[in-house]
Amino acid sequence: MQNWELSKDGKIVCYDMTPMLEKEAFQTLKDINVFIDTCTVLNDTLAWDICKNRDNTTCLDIDPDTLYELPNVKERIA
């Protein structure tokens with residue numbers, strides 16, 4: 001599963017989310033329907049609103065600056 005992310009400084013990356021799905025916190029996203037249906041923007045980054053309540057304290061997200069440095073980044077667009 002690939003995602004695109006835009007960081008606060010305007011960097012855009014495409015990354016492979018597959019390795020993250022093995023982490024316990026992201027296990028629910030292995031279901032492609034959950035992955036797509038809960039994908040949103042919260043906390044100024046790509047997030048998954050698993051509870052579907054728009055509560056930014058309970059969503060799954062990845063800090064954009066951390067994301068840009070992950071080894072599974074496929075492309076650094078900008």
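The values are calculated or read from the model by the stated rules, or taken from the named source; none is laboratory data. Keep in mind the model is a prediction, meaning the values are calculated, not measured. So basically every Cβ, Gly included, is an ideal-geometry build from the backbone, and we count neighbours across all protein chains shown.
Considering every residue within the stretch 37-48, establish whether at least one is part of a loop (DSSP other than H, G, I, E, B), among the charged types (D, E, K, R) and at pLDDT 75 or above.
yes
Among the listed residues Asn53, Asn3, which satisfies the condition of being modelled with pLDDT under 80 and out of contact with any helix residue (DSSP H, G or I) (no Cβ under 6 Å at 6 or more places or on another chain)?
Asn3
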